[in-house]
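A.B. asks: One structure coming up, written as structure tokens, with questions to follow.
The numbers here are math on the coordinates, done by the rules we state, and not lab data. Keep in mind it's a predicted model, so treat the numbers as computed, not measured. All Cβ positions, even for glycine, are placed from backbone atoms using ideal geometry, and neighbour counts span all protein chains on display.
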Amino acid sequence: MKYRYTAALLLSTLFALPAYAACQSDAVDYDFPAQRLDEALQQLAHRSGCFINTDLTRIADEQAPALSGTYRPEEALWELLKGTGWEGYPTDEGLEVSEREQAWVKARTQALREAVEKRDTLSEDERKAYLEELASLEQSVTELAREQGFISAGEHASYERSLNELAESLETDDQA
């Protein structure tokens, strides 16, 4: 009787393992038709065993391209996201679809834009140059996400460097 309870406990523990434990990092074959992005992501989750954290209602109108080939789960995700403007990332729980890097850049550029607007010491040409640079960074991160389906850590560092340089330049202009 004791063994039966132990076996039942062991089996229930196995079935209660988190869903992401089944997420495979190895490359597997995919052959998906072009379809709605939410449907493609559901197929990807099923095929890879990876939980995909996203708001399906926000991506329901997006179209995913056909996917054919051998990919690791995050690579398959990036292929499905190309052209949509969404970003895909591996997480501890599986995969994520979001706009997190674009949102981060936009929050930083918005804060700098507000700082530019408050600076009385800037000439109209200086103000225009700052605002154009901020708009260029926002456009760049959006295009990169659309092109790749992700923003890499190196690209994030590059945006951070550019934004920090703009902030420092703005402070220097204000002190001059």
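A.B. asks: HN-Hα J couplings of segment 85-95 from phi, Karplus 6.51/-1.76/1.60, θ = phi - 60°, integer Hz, Gly and Pro as x?
C.D. replies: 3J(HN,Hα) across segment 85-95, in whole Hz: x, 7, 10, x, 9, x, 10, 5, 8, x, 9.
A.B. asks: I need the shape label for the chain. Rule: rounded when a/c is under 1.5, else prolate if a/b > b/c, else oblate, with a, b, c from the alpha carbon gyration tensor.
C.D. replies: Details: a/c = 3.62, a/b = 2.18, b/c = 1.66.
It comes out prolate by the Cα gyration axes.
A.B. asks: Cut-off is 10 Å between beta-carbons; in what order do GLU165, GLU74 appear when sorted fewest neighbours first?
C.D. replies: Starting with the residue having the fewest Cβ neighbours, the order is GLU165, GLU74.
A.B. asks: Another question about this same structure. If I model a spin label at THR121 and ASP61 as a point 7 Å from the Cα along the Cα→Cβ vector, what separation in nanometres do I get?
C.D. replies: 4.5 nm
A.B. asks: List the residues whose amide H sits under 5 Å from the amide H of PHE32, counting only those 5 or more places along or on another chain, with H placed 1.01 Å from N in the peptide plane.
C.D. replies: Distant-sequence amide H within range of PHE32: LEU67, SER68.
A.B. asks: Which listed residue (ALA60, LEU137, ALA45) has the Cα farthest towards the positive end of the charge dipole for the chain, taking +1 on Lys and Arg C-beta and -1 on Asp and Glu C-beta about the Cα centre?
C.D. replies: ALA45
A.B. asks: Considering the options TRP104, TYR71, CYS23, tell which one lies farthest towards the positive end of the dipole of the chain, charges being +1 on Lys and Arg and -1 on Asp and Glu at the Cβ, about the Cα centre.
C.D. replies: CYS23
A.B. asks: Pop the C-beta distance of HIS46 and THR91 into the FRET formula with R0 = 22 Å and round what comes out to the nearest 0.05.
C.D. replies: E(calc), rounded to 0.05, equals 0.80.
A.B. asks: Next question, about the same structure. With +1 on the Cβ of every Lys and Arg and -1 on the Cβ of every Asp and Glu, and nothing else charged, how large is the dipole of the chain about its Cα centre, in debye rounded to the nearest 20?
C.D. replies: Dipole size: approximately 1160 debye.
A.B. asks: Next question, about the same structure. Which value in deg cm²/dmol, rounded to the nearest 500, describes the helix-derived mean residue ellipticity at 222 nm for the chain, given -39,500 (n - 2.57) per DSSP H run of n ≥ 4 and division by the residue count?
C.D. replies: Mean residue ellipticity at 222 nm (helix-derived): -20000 deg cm²/dmol.
A.B. asks: Okay, next question. List the trypsin sites (Lys or Arg not before Pro) within segment 91-123 that fall in a DSSP loop (any state other than H, G, I, E or B) and whose Cβ has at most 16 other Cβ atoms within 10 Å. If you can, show how the numbers build up before the last one.
C.D. replies: On the way: sites: ARG100, LYS106, ARG108, ARG113, LYS118, ARG119; in loops: ARG119.
Answer by residue number: ARG119.
A.B. asks: Can you tell me, using C-alpha contacts under 8 Å and at least 6 residues apart, the relative contact order of the chain as a whole percent?
C.D. replies: Working: 231 pairs, mean separation 35.9, N = 176.
Reported relative contact order: 20 percent.
A.B. asks: Assign one of three labels to segment 83-176, namely rounded, prolate or oblate, based on the Cα gyration tensor with a ≥ b ≥ c the square roots of its eigenvalues; rounded applies when a/c is under 1.5, prolate when it is not and a/b is larger than b/c, and oblate otherwise.
C.D. replies: Details: a/c = 3.07, a/b = 2.43, b/c = 1.26.
Prolate, because a/c is 1.5 or more and a/b exceeds b/c.
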